[in-house]
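Read through the structure below, which is laid out as structure tokens, and then see the notes.
The values are calculated or read from the model by the stated rules, or taken from the named source; none is laboratory data. On a predicted model such as this, the values are computed, not experimentally measured, just so you know. Here Cβ is always computed from backbone atoms with ideal geometry, including for glycine, and neighbour counts include all displayed protein chains.
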Amino acid sequence: MLPKYTVEYGIQFKRSSPTYHYSTDDPVSCEEFLTELLERAFHIIEVKHEGVALSRPEFDKLVKNAAAMLASRHLCASLRIKPEEERFRFGFAA
């Protein structure tokens, strides 16, 4: 059985760029994983849903949501505010 979401990503080294895969059935876990990849500046190569690569708009929406989660996390930590206040003041997804 195919996992619902598969993320193909790479880590850049001086001489090579190996490719890795992460799979999950939970869309929230997928977004959280993408947030971690963005945090570490890893190369996000492709996201598949049930074995089929996401279209550009679907891919962009997923990455945008992950970026908003990352921004929210950083704002809360840096300003020492709760997610509710961050959402009210800045409007990112908590």
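For the stretch 49-84, the set of residues classified as small (G, A, S) and surrounded by 12 or more Cβ atoms within 10 Å (Cβ to Cβ) consists of A53, A66, A67, A68, A71, S72, listed by residue number.
For the stretch 7-21, indicate whether the set of residues that are in a helix (DSSP H, G or I), closer than 28 Å to G91 by Cα and at pLDDT 95 or above is non-empty. Scanning the stretch 7-21, I find no residue that is in a helix (DSSP H, G or I), closer than 28 Å to G91 by Cα and at pLDDT 95 or above, so the answer is no.
I'd like to know if the stretch 29-42 contains one or more residues that are assigned to a strand (DSSP E or B) and of a type in the set (A, V, I, L, M). No, every residue in the stretch 29-42 fails to be assigned to a strand (DSSP E or B) and of a type in the set (A, V, I, L, M). Under the condition of being part of a helix (DSSP H, G or I) and over 15 Å from the mean Cα position of the chain (by Cα), the residues counted in the stretch 71-94 number 13. Return a yes/no flag: does the stretch 27-37 have any residue that is modelled with pLDDT under 95 and in contact with a Phe, Trp or Tyr (Cβ under 7 Å, 6 or more places away or on another chain). There is at least one residue in the stretch 27-37 that is modelled with pLDDT under 95 and in contact with a Phe, Trp or Tyr (Cβ under 7 Å, 6 or more places away or on another chain). Just give me the residues in the stretch 49-59 being free of Cβ contacts under 8 Å to residues at least 40 places away in the same chain and either touching a Phe, Trp or Tyr at 6+ places or on another chain (Cβ under 9 Å) or of a type outside the set (G, A, S) (or both), in sequence order. Answer for the stretch 49-59, where residues must be free of Cβ contacts under 8 Å to residues at least 40 places away in the same chain and either touching a Phe, Trp or Tyr at 6+ places or on another chain (Cβ under 9 Å) or of a type outside the set (G, A, S) (or both): V52, A53, L54, R56, P57, E58, F59. Number of residues in the stretch 1-43 that are under 21 Å from S72 (Cβ atoms), surrounded by 14 or more Cβ atoms within 10 Å (Cβ to Cβ) and among the basic types (K, R) equals 0. In the set (1) part of a strand (DSSP E or B); (2) touching a residue at least 24 places away in the same chain (Cβ under 8 Å), A68 fails one condition alone, (1). Scanning the stretch 26-59 for residues that are over 14 Å from I11 (Cβ atoms) and of a type in the set (G, A, S) turns up S29, G51, A53, S55. Does E46 meet the test of being of a type in the set (D, E), without any contact (Cβ under 8 Å) to a residue 24 or more places away in the chain and either surrounded by 14 or more Cβ atoms within 10 Å (Cβ to Cβ) or part of a strand (DSSP E or B) (or both)? So E46 fails the test.
Just one of the listed residues (T35, T6) is touching a helix residue (DSSP H, G or I) at 6+ places or on another chain (Cβ under 8 Å) and β-branched (V, I, T), and it is T35.
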